[in-house]
Amino acid sequence: GGKQRVAIVGSGAWGSAIASIVGRNVVRHSDEFVRDVHMWVYEETVEYNGEQRKLTEVINVERVNCKYAPDVRLPDNVRAVPDVSEAVRGATLLVFVLPHQFLPRVCESMREHVAPSARAISLIKGMLVEDGHIKPISHVIRDHMSGVTCDVL
């Protein structure tokens, strides 16, 4: 098959750290991975150097997530995207790293946009209670993403 396209679903401190590592690794393994990595960022206005700016703009221009990971430098191939469906469009490898309570809603809005052969890895802590049952996060992802295979860190 073709090269793997990675998308990071989440952009807090943990997500930014992972995006930095993934961004460097896809360049090192360019024979197997598409260079560009999209990172879904929940859009918000932040103060940066005394100015009110969109968080995605700060990340994409200044290469830093000033709100959640001010000490993590993001490589230039990591692009912050405020629309989750656009961030994951065509992705073959999804890295989930967002608070578990947002997972079902986020999965529903992105399910139709990933590659049919997409796989996932969850870096999310915890469990979720759905329909009165405790479910591991990997099962929540699989169930809300139409059967996408999900491994766990």
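The values are calculated or read from the model by the stated rules, or taken from the named source; none is laboratory data. These figures come from a predicted structure and were not determined experimentally. Positions of Cβ are backbone-derived with ideal geometry, glycine not excepted, and every protein chain shown enters the neighbour counts. Side chains are part of the model used for accessible areas, which takes the heavy atoms of the whole protein and leaves out ligands, DNA and RNA. Shrake-Rupley method; radii C 1.70, N 1.55, O 1.52, S 1.80 Å.
Odds and ends about this structure:
- Against the test of being out of contact with any strand residue (DSSP E or B) (no Cβ under 8 Å at 6 or more places or on another chain), more than 18 Å from Ile18 (Cβ to Cβ) and either open to solvent by less than 60 Å² (accessible area, probe 1.4 Å) or in a helix (DSSP H, G or I) (or both), the options Arg53, Arg111 yield a single qualifying residue, Arg111.
- Residue within segment 43-60 that is modelled with pLDDT of 95 or more, of a type in the set (A, V, I, L, M, F, W, C) and within 19 Å of Ile124 (Cβ to Cβ) present: no
- Among residues of segment 22-56, those that are without any contact (Cβ under 8 Å) to a residue 12 or more places away in the chain and within 23 Å of Met110 (Cβ to Cβ), counted: 1
- Enumeration of residues in segment 16-43 that are among the polar types (S, T, N, Q) and either surrounded by 19 or more Cβ atoms within 10 Å (Cβ to Cβ) or touching a strand residue (DSSP E or B) at 6+ places or on another chain (Cβ under 8 Å) (or both): Ser16, Ser20, Asn25
- Some residue of segment 119-140 being within 20 Å of Arg5 (Cβ to Cβ), out of contact with any strand residue (DSSP E or B) (no Cβ under 6 Å at 6 or more places or on another chain) and of a type in the set (S, T, N, Q): no
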